[in-house]
Amino acid sequence: MQGGSNRLLTPDEVANWLRVSEITVKNKYRMWGLRPQKVGRLLRFRERDIVAYLDDHYG
């Protein structure tokens, strides 16, 4: 089973978790293979997708 939850995180929350800037998250999420969930015009990321990315690349 994949770790993490379906909780939606803002780019700022992802940036704080990864210890990078919010701009880095917004500029690099495609390169990292993260699929955002759009809430209106706002980007959100599923916690489980961030956990999977970290496991795959740094696990």
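Name every residue in the range 18-36 that is in contact with a helix residue (DSSP H, G or I) (Cβ under 9 Å, 6 or more places away or on another chain), over 14 Å from ALA52 (Cα atoms) and not in a loop (DSSP other than H, G, I, E, B), in order of residue number. Across the range 18-36, the qualifying residues are GLU22, ILE23, THR24, VAL25, LYS26.
From ILE50, ILE23, which residue is among the β-branched types (Val, Ile, Thr) and open to solvent by 80 Å² or more (accessible area, probe 1.4 Å)? Full working, then the answer.
Working: ILE50 fails: open to solvent by 80 Å² or more (accessible area, probe 1.4 Å).
Being among the β-branched types (Val, Ile, Thr) and open to solvent by 80 Å² or more (accessible area, probe 1.4 Å) holds for just one of ILE50, ILE23, which is ILE23.
State whether the residues of the range 43-54 include one that is basic (Lys, Arg) and touching a residue at least 40 places away in the same chain (Cβ under 8 Å). Walk me through it before giving the result.
Just the residues of the range 43-54 that are basic (Lys, Arg), to begin with: 44, 46, 48.
Within this subset, residues satisfying the condition of being touching a residue at least 40 places away in the same chain (Cβ under 8 Å) are 46, 48.
Taking every residue of the range 43-54 in turn, at least one turns out to be basic (Lys, Arg) and touching a residue at least 40 places away in the same chain (Cβ under 8 Å).
The values are calculated or read from the model by the stated rules, or taken from the named source; none is laboratory data. Only a predicted model underlies this, so the values are computations on that prediction, with no experimental measurement involved. Neighbour counts are summed over all protein chains in view; Cβ atoms, including those assigned to glycine, are modelled from backbone coordinates with ideal geometry. Ligands, DNA and RNA are excluded from the accessible area calculation, which covers all protein heavy atoms including side chains. Shrake-Rupley method; radii C 1.70, N 1.55, O 1.52, S 1.80 Å.
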